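Encoded as structure tokens, the structure appears first; notes follow it.
The values are calculated or read from the model by the stated rules, or taken from the named source; none is laboratory data. Remember, predicted model here, so these are calculated numbers, not experimental data. Ideal geometry is used to build each Cβ from the backbone, glycine not excepted, and the neighbour counts take in all protein chains shown.
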Amino acid sequence: MGQSVILNIRNGIREMFTGYFALAMATGIISIATYLHGMHTIAVVLFWINLVFFLVLLSFFLLRLILDPLRVKEDMANYQKGPGFFTLVAAACVLGNQLILLFQHQVWAEVLLVFATVAWAIIIYTFFTLLTTGKNKPNLHDGISGTWLITIVSTQAIAILTTLIASTKPAAAQQFMLFASLALFLIGCMLYILIMCLIFYRLSFFELTPMEFGAPYWINMGATAITTVAGALLIEHASKLTILTEILPFLKGFTLFFWSWGAWWIPLLIILGTWRHLRVPLPTTPEGYHPSYWGMVFPLGMFSVCTFRLVEAIHVDFLMSLSSIFVYVALVAWAAVIVGMVRSMVKNLSAKY
């Protein structure tokens with residue numbers, strides 16, 4: 001019995017979904033959204049839940065790296081699985097954001113920033129090198145999906161955490177960090193434009209089945225939302241760096257551009273999601289749950305946060321009610337997927353033991 005349990009755990013770790021850190025991303029961003037809207041108790045509870053999720057997932061990831069490094073390399077070179085590794089970076093940054101906003105805890109936030117930056121550099125250059133030099137490449141229909149946009153999410157997540165930490169540093173360090181945040185913000189913007197063109201082309205000119213239109217396509221909106229947050233925070237810190245002051249009109253326009261594009265996606269994603277779930281089980285059922293559903297929950301929470309930050313940055317106060325609505329939508333979505341996850345775990349354990 002004991003050997004059977006250990007074997008099942010090892011197999012589970014080896015087969016771990018590469019994008020499972022989206023669970024920590026979603027839980028963390030909803031914690032931040034509730035905190036911004038004054039629901040401090042819920043925010044703190046979600047922080048501790050998220051801390052457990054992140055540490056467990058990180059332990060599994062490191063064990064997988066030790067037990068089966070060749071499988072990890074294979075997944076990294078896979079067009080569908082490879083982008084999932086970027087969720088590790090984003091999850092670490094979201095946790096760092098929670099530490100600063102909820103507890104003003106600087107030291108561990110800085111540790112997470114260093115960890116996320118190193119992980120981002122390793123993952124992004126390994127992923128694109130393996131794809132560029134690989135053989136037997138898939139066509140656009142099979143190769144591209146919304147998961148690719150996690151590259152943008154991870155990049156902007158580092159920019160956001162860097163900006164938040166920079167505000168507590170001496171002038172010289174602060175200017176360097178804000179410049180780095182600006183560079184990462186622009187890199188993320190360019191990556192979004194490039195990848196979104198490919199995704200839009202794939203959606204519009206190739207057949208799309210209900211099964212293919214999964215939750216990761218919500219990152220179409222989520223990537224614009226986190227880009228909006230990164231831009232809004234740079235706007236708020238513009239007085240601390242000369243180049244930010246000089247390009248402030250551009251920065252405001254570009255930030256609003258990404259928020260607007262993200263808002264445009266929401267009705268279409270709802271329509272396509274309804275079309276999918278008329279044919280595919282919902283995530284609240286054991287048969288319908290898949291860890292990729294956290295890729296839908298995260299954008300909902302992030303849209304609440306990005307709208308809040310946009311209101312602060314450019315004073316469009318009439319949008320605050322939209323941010324308030326989405327924090328509750330995100331909470332409901334999080335609870336629904338948690339139910340599906342628990343029921344799926346119970347069903348799998350029952351089937352094995």
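Any idea which of Tyr293, Tyr289 is part of a loop (DSSP other than H, G, I, E, B), within 20 Å of the chain's Cα centre (by Cα) and surrounded by 14 or more Cβ atoms within 10 Å (Cβ to Cβ)? Lay out the reasoning, then the answer.
Numbers: Tyr293 fails: part of a loop (DSSP other than H, G, I, E, B).
Answer to the check: Tyr289.
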Pick from the range 180-200, criterion crowded, with 16+ Cβ neighbours inside 10 Å and either over 18 Å from the mean Cα position of the chain (by Cα) or of a type in the set (Asp, Glu) (or both), ranking: farthest from Thr255 (Cα to Cα): Ala180
Index of the failed condition, Ala26 passing every other in (1) modelled with pLDDT of 90 or more; (2) in a loop (DSSP other than H, G, I, E, B): (2)
Single residue of Thr209, Thr129, Thr147, Thr133 found to be closer than 23 Å to Thr274 by Cα, free of Cβ contacts under 8 Å to residues at least 12 places away in the same chain and among the hydroxyl-bearing types (Ser, Thr, Tyr): Thr209
Residue match in the range 257-275 (condition: surrounded by fewer than 16 Cβ atoms within 10 Å (Cβ to Cβ), in contact with a Pro (Cβ under 9 Å, 6 or more places away or on another chain) and in contact (Cβ under 8 Å) with a residue 60 or more places away in the chain): yes
Residues of the range 298-343 that turn out to be surrounded by fewer than 19 Cβ atoms within 10 Å (Cβ to Cβ), in a helix (DSSP H, G or I) and not β-branched (Val, Ile, Thr), as a count: 12
The range 109-153, subset closer than 14 Å to Tyr192 by Cα and among the small types (Gly, Ala, Ser), residue surrounded by the most Cβ atoms within 10 Å (Cβ to Cβ): Gly146
The range 115-147: number of residues that are under 18 Å from Glu74 (Cβ atoms) and within 13 Å of the chain's Cα centre (by Cα): 1
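Could you pull out the residue among Gln106, Gln156 that is farther than 18 Å from Gly19 by Cα, of a type outside the set (D, E, K, R) and either under 17 Å from the mean Cα position of the chain (by Cα) or surrounded by 13 or more Cβ atoms within 10 Å (Cβ to Cβ) (or both)?
On the way: Gln156 fails: farther than 18 Å from Gly19 by Cα.
One residue alone meets the criteria, Gln106.
Looking at this structure, is Pro281 modelled with pLDDT of 95 or more, surrounded by fewer than 18 Cβ atoms within 10 Å (Cβ to Cβ) and of a type outside the set (Val, Ile, Thr)? Before you say what the answer is, go through the steps one by one.
Details: modelled with pLDDT of 95 or more: no; surrounded by fewer than 18 Cβ atoms within 10 Å (Cβ to Cβ): yes; of a type outside the set (Val, Ile, Thr): yes.
When the stated conditions are applied, Pro281 does not pass them.
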